[in-house]
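The values are calculated or read from the model by the stated rules, or taken from the named source; none is laboratory data. Being a predicted model, the structure only gives us computed values, none of them experimental. When we count neighbours, we look across all protein chains shown, and the Cβ atoms used for this are built from the backbone with ideal geometry, even at glycine.
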Amino acid sequence: MLRIEGLSAGYSAKPVLNDISINVGAGQFVAIVGPNGAGKTTLFKTISGIVKPSGGAITFDGVDLLAVPPPQRAHLGIAHVPEGRQVFPSLTVMENLEMGAMTESGRRDWQSNIERIFEWLPVLKERRSQFAGTMSGGQQQMLAIGRGLASSPKLLMLDEPSMGLAPSTADFIFDRLIEIRRQSGLTMLLVEQRVAEALESADHGYVLEAGHVVLEGNNDTLRADDRVRKAYLGM
Amino acid sequence: MEGFLQALAAGLLIGAVYGLMCVGLGLIFGVMRVINFAHGDFMMLGMYTAFYLFTAAGVQSFFGNAVGPFVSILLAGPVLAVFGYFVHRALISHVSGTRTASLEGEGHYAQLILTLGIALILQNGGLIVFGSVLASIRTPLSSSAWELGPFFDMSIFLNKARSIDMIVSLIMMILLSLLITRTRIGKSLRAAADNPTAATYMGIDVDRAHRTAFALGCGITAIAGGLLATNYPFHPFVGLEYVIVMYAGVVLGGMGSIIGAFWGGMTIGLVQQMSTLILPTQLQNAAIFAVFLLIIFFRPQGFFGRMVERT
């Protein structure tokens, strides 16, 4: 579904991504793990068009993504749940969800989507008229996920949903993501620093270090790998 | 007491129009974060557009002297909105929005120079095209009044033209609030203002949202300008006098708050009129800024401003 080939990108003269190749098949849950500054967020921003690549190709559903203007990419079915949540603080929870549903498919499926989102993330239903800026970090993260789901995406990209959250809240959010995936079969691409949890829930993983893919494989292979065990899993 | 009530009424009447004028600028600043120094001159163009629509384009002969001016003023709004749309497309979009999001200072320096340049061109261009003779959109209503009262032997006189100006301003303000809070376009404008990057992730074309905001802001201020012109004569450099009031209103309301800008403008109208009770008329504007400084001293974020930086 999403095929990234030989992608390089960076800010001005400083390269952040070097010849990255990543594949996400339809229905897969792929995790990209790695330390801070490995280029994970830049990779997502390049997919969404906020960062311009210096080389390589991205195709989504057979479409050359780099030829599509950034705001149009959401309309192809890519939902980006950004790092640090980035909900719209002066809009209410409901209005944030409506913004998620700017796409044609989001508008068409609004009723059924909103019911499912409220079922998966009931706190959003309770707080539907609250301004998003006044919610806690965990609630904002759930709103950011709900906002992504409201577009009826083909691919949900999650950039560090556990960032800045208490461990128990982060666990809850992981649990919700697994449940959402189990019920909807949605294709997901997750970037995470919490390597153990990410590899546990995903079926395929990539390890990104200093802008290079240093390792890839299904979750058993990765979790069995010595380097991963030592560096990330603390075993 | 009678003088106080009279000044209060006059302040409310002019305040509503100032409020509308400030909202036009507040919308542009709130959504785009662009400091538009040319906004007073867009308003001046709006005044002349209404003036020529009334006198030369046949509105006067069709609607008459009482209704005609207000029809022309309302028509000047869309005309200036289209003008603003193209100014944004041709000039402003090059130094704002997604093109400059990654630049240091987000292109603010270029915006300053560009909007100042546009202001100079409009002022001097206006001088060539319209001449330096004072113009005004007078109606028979401008020099007649409704009498409220008498209550306890006090009567308040409301200038008819100014009263209609206030009603038109309030209607425009209600329509704009509905647009901003209820419609899809309005919500996407607010989303683009809150966080342009996240708005792009939602599939909102931020540059198009900016263009919409700029066009709307120009149209709204043009209507406010036309309304002011029913009582105050104008000339090609009149924008300079108003742009300062506009910024004071936007800052008072809270930078970035669109509805706040209306209350900021209203406050300025009230202070301006009430100050005449205790100060000579020449000090009206000094009074505005004294109150402005006081409010900013005690409430630096303005009436409706948020203390937090936007993410």
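Key figures for this structure:
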| quantity | calculated |
| --- | --- |
| Qualifying residue in the range A:117-129 (condition: touching a residue at least 60 places away in the same chain (Cβ under 8 Å) and either polar (S, T, N, Q) or under 28 Å from A:VAL24 (Cβ atoms) (or both)) | yes |
| Residue within the range B:26-33 that is within 15 Å of B:GLY226 (Cβ to Cβ) and crowded, with 23+ Cβ neighbours inside 10 Å present | no |
| Identity of the residue in the range A:50-71, part of a helix (DSSP H, G or I) and under 23 Å from A:SER8 (Cβ atoms), that ends up nearest to the other protein chains (Cβ to nearest Cβ) | A:PRO70 |
| Residue in the range B:170-177 that is within 11 Å of chain A (Cβ to nearest Cβ) and either outside any helix (DSSP H, G or I) or out of contact with any Gly (no Cβ under 9 Å at 6 or more places or on another chain) (or both) present | no |
| Pair list, Cβ under 6 Å, 6 or more apart: the range B:215-229 residue touching a residue at least 60 places away in the same chain (Cβ under 8 Å), other residue among the acidic types (Asp, Glu) and assigned to a helix (DSSP H, G or I) | B:LEU227/B:ASP165 |
| Among the residues listed as B:GLY265, B:GLY203, B:GLY254, the single one being within 25 Å of B:GLY3 (Cβ to Cβ) and in contact with a helix residue (DSSP H, G or I) (Cβ under 7 Å, 6 or more places away or on another chain) | B:GLY265 |
| Pairs where the first residue, in the range B:136-152, is without any contact (Cβ under 8 Å) to a residue 24 or more places away in the chain and the second is surrounded by 16 or more Cβ atoms within 10 Å (Cβ to Cβ) and outside any strand (DSSP E or B), C-beta under 7 Å, 6+ apart | B:SER144/B:LYS160; B:ALA145/B:LYS160; B:TRP146/B:LYS160; B:TRP146/B:SER163 |
| Meets criteria (more than 22 Å from B:VAL31 (Cα to Cα) and of a type outside the set (A, V, I, L, M)) for B:PHE297 | yes |
| Subset of the range A:93-113 [more than 10 Å from every other protein chain (Cβ to nearest Cβ) and either buried (at least 22 other Cβ atoms within 10 Å of the Cβ) or not in a helix (DSSP H, G or I) (or both)] | A:VAL93, A:LEU97, A:ASP109 |
| Residue match in the range B:240-255 (condition: within 14 Å of another protein chain (Cβ to nearest Cβ) and more than 14 Å from the chain's Cα centre (by Cα)) | yes |
| Residue satisfying all of: in the range A:75-90; buried (at least 22 other Cβ atoms within 10 Å of the Cβ) and under 13 Å from the mean Cα position of the chain (by Cα); nearest to the other protein chains (Cβ to nearest Cβ) among these | A:HIS80 |
| Positions within the range B:39-72 being in contact with an Asp or Glu (Cβ under 9 Å, 6 or more places away or on another chain) and closer than 20 Å to B:PRO140 by Cα, in sequence order | B:PHE70 |
| Failed condition for A:ILE47, given (1) at the interface with chain B (Cβ under 10 Å from one of its Cβ atoms); (2) modelled with pLDDT of 95 or more; (3) buried (at least 23 other Cβ atoms within 10 Å of the Cβ) | (1) |
| Any hit, the range B:152-162, residues being more than 14 Å from chain A (Cβ to nearest Cβ), surrounded by fewer than 21 Cβ atoms within 10 Å (Cβ to Cβ) and part of a helix (DSSP H, G or I) | yes |
| Subset of the range A:72-85 [in a loop (DSSP other than H, G, I, E, B) and either of a type in the set (Lys, Arg) or modelled with pLDDT of 95 or more (or both)] | A:GLY77, A:PRO82, A:ARG85 |
| Every pair of residues 6+ apart whose Cβ atoms lie under 8 Å, when the first sits in the range A:1-30 and is within 11 Å of A:LEU155 (Cβ to Cβ) while the second is loosely packed, with under 14 Cβ neighbours inside 10 Å and hydrophobic (A, V, I, L, M, F, W, C) | A:MET1/A:ALA26 |
| Criterion: part of a helix (DSSP H, G or I) and in contact with a Ser or Thr (Cβ under 8 Å, 6 or more places away or on another chain) - qualifying residue of B:GLN111, B:GLN6 | B:GLN111 |
| All helices (runs of 4 or more DSSP H) inside the range B:202-311 with 1 or more residues being over 26 Å from B:ASP165 (Cα atoms) and touching a Pro at 6+ places or on another chain (Cβ under 8 Å) | B:206-228 |
